[in-house]
Amino acid sequence: MSGDDFIEYLRGDLLRDVPDLTTRAMFGGHGVYSRGAIVAIVIDGTLYLKADDALAAELEALGSEQFVYSRKDGGTAAMRYWTLPEDAVENPGAAA
């Protein structure tokens with residue numbers, strides 16, 4: 001699925017239950033917003049949910065992976081974004 005097709009899938013299907021959902025291109029990916037607040041990012045066709053410590057622990061226990069990127073100095077950095085759990089990838093109710 002192309003990047004634009006994936007964004008349309010998120011908006012029209014997978015995240016259809018998220019209130020006031022919008023998306024914006026940013027940093028080579030997309031930001032996903034609900035009621036004006038960023039709730040997720042899409043990078044290279046993967047959806048990552050923004051998570052506080054409690055949600056991050058829950059997502060990690062469910063097998064989600066944290067978003068990590070390579071820095072210019074050769075190191076890596078992790079951000080507070082996690083992949084959807086496997087059971088939510090094609091389940092709009094669970095994803096929302």
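The values are calculated or read from the model by the stated rules, or taken from the named source; none is laboratory data. Quick caveat, the model's predicted, so the values are computed rather than measured. FYI the Cβ positions are ideal-geometry reconstructions off the backbone, even for glycines, and counts take in every protein chain you see. Just the protein is used for accessible areas: all its heavy atoms, side chains included, with ligands, DNA and RNA removed. Shrake-Rupley method; radii C 1.70, N 1.55, O 1.52, S 1.80 Å.
Computed values, structure above
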{"quantity": "Every pair of residues 6+ apart whose Cβ atoms lie under 8 Å, when the first sits in the range 65-87 and is more than 12 Å from Tyr48 (Cα to Cα) while the second is charged (D, E, K, R)", "calculated": "Ala77/Arg71"}
{"quantity": "Failed criterion for Asp52 (all others in (1) of a type outside the set (A, V, I, L, M); (2) open to solvent by 30 Å² or more (accessible area, probe 1.4 Å); (3) in contact with a helix residue (DSSP H, G or I) (Cβ under 7 Å, 6 or more places away or on another chain) hold)", "calculated": "(3)"}
{"quantity": "Residue that is farthest from Gly3 (Cα to Cα), among those in the range 26-45 that are in a strand (DSSP E or B) and touching a helix residue (DSSP H, G or I) at 6+ places or on another chain (Cβ under 9 Å)", "calculated": "Ala40"}
{"quantity": "Number of positions in the range 46-71 that are in a strand (DSSP E or B) and touching an Asp or Glu at 6+ places or on another chain (Cβ under 8 Å)", "calculated": "1"}
{"quantity": "Whichever residue in the range 40-49 is surrounded by fewer than 18 Cβ atoms within 10 Å (Cβ to Cβ) and not hydroxyl-bearing (Ser, Thr, Tyr) and, among such residues, is nearest to Pro92 (Cα to Cα)", "calculated": "Gly45"}
